[in-house]
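Take a look at the structure below.
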Amino acid sequence: QVRLVESGGGSAQAGGSLRLSCAASGRTFSGYAMGWFRRAPGKEREFVAAISWNGGSTDYADSVKARFSVSRDNAKNTVYLHMNSLDPEDTAVYSCAGGGRGTYHRNDAANFRDAKWYDYWGQGTPVTVSS
């Protein structure tokens, strides 16, 4: 049974920070890209960040670039999303995703913005940012 479980969501003030974690079990994702996506109220899911199998390459949506940072600890089979300078526009349910075969040992995270690259998804953790 493959599971991705996000944690760390909650409420934050504008300008504040949160760290989201995504712990994987049932499968080792050390050889694959991982991604973060979010869905804001009334909006469709959008790409947030991606990280290559060994963390050597990262990519971010323009809306979060320079504010968010994605990292991973393959020994823990866990990926993180550090969110800084939070804005109310960041309010959304954040989901992590595990890459499929097409991302294996590839160091080009910028190519993995589309959800089609990911085979496994977490349930999501809500983030609410208030002014």
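Taking residue 110, is it of a type outside the set (Lys, Arg) and either modelled with pLDDT under 95 or assigned to a strand (DSSP E or B) (or both)? No: the conditions fail for residue 110. The set of residues from region 59-83 being in contact (Cβ under 8 Å) with a residue 12 or more places away in the chain and either on the phi > 0 side of the Ramachandran plot or open to solvent by 70 Å² or more (accessible area, probe 1.4 Å) (or both) comprises 76, 77.
Can you pull out every residue in region 10-21 that is open to solvent by 30 Å² or more (accessible area, probe 1.4 Å) and either within 16 Å of residue 49 (Cα to Cα) or in a strand (DSSP E or B) (or both)? Those that are open to solvent by 30 Å² or more (accessible area, probe 1.4 Å) and either within 16 Å of residue 49 (Cα to Cα) or in a strand (DSSP E or B) (or both): 11, 13, 18, 19. Hey, any hits in region 113-128 for a residue that's on the phi > 0 side of the Ramachandran plot, of a type outside the set (S, T, N, Q) and open to solvent by 70 Å² or more (accessible area, probe 1.4 Å)? The answer is no; no qualifying residue exists. Screening the candidates 56, 99 for the property of being under 26 Å from residue 26 (Cα atoms), in contact (Cβ under 8 Å) with a residue 12 or more places away in the chain and surrounded by 15 or more Cβ atoms within 10 Å (Cβ to Cβ) yields one hit, 99.
The values are calculated or read from the model by the stated rules, or taken from the named source; none is laboratory data. Keep in mind the model is a prediction, meaning the values are calculated, not measured. Because the Cβ atoms are built from the backbone with ideal geometry, glycine has one as well, and the counts that use them run over all protein chains shown. Ligands, DNA and RNA are stripped out before the accessible areas are found, and what is left, the full protein with its side chains, is counted by its heavy atoms. Shrake-Rupley method; radii C 1.70, N 1.55, O 1.52, S 1.80 Å.
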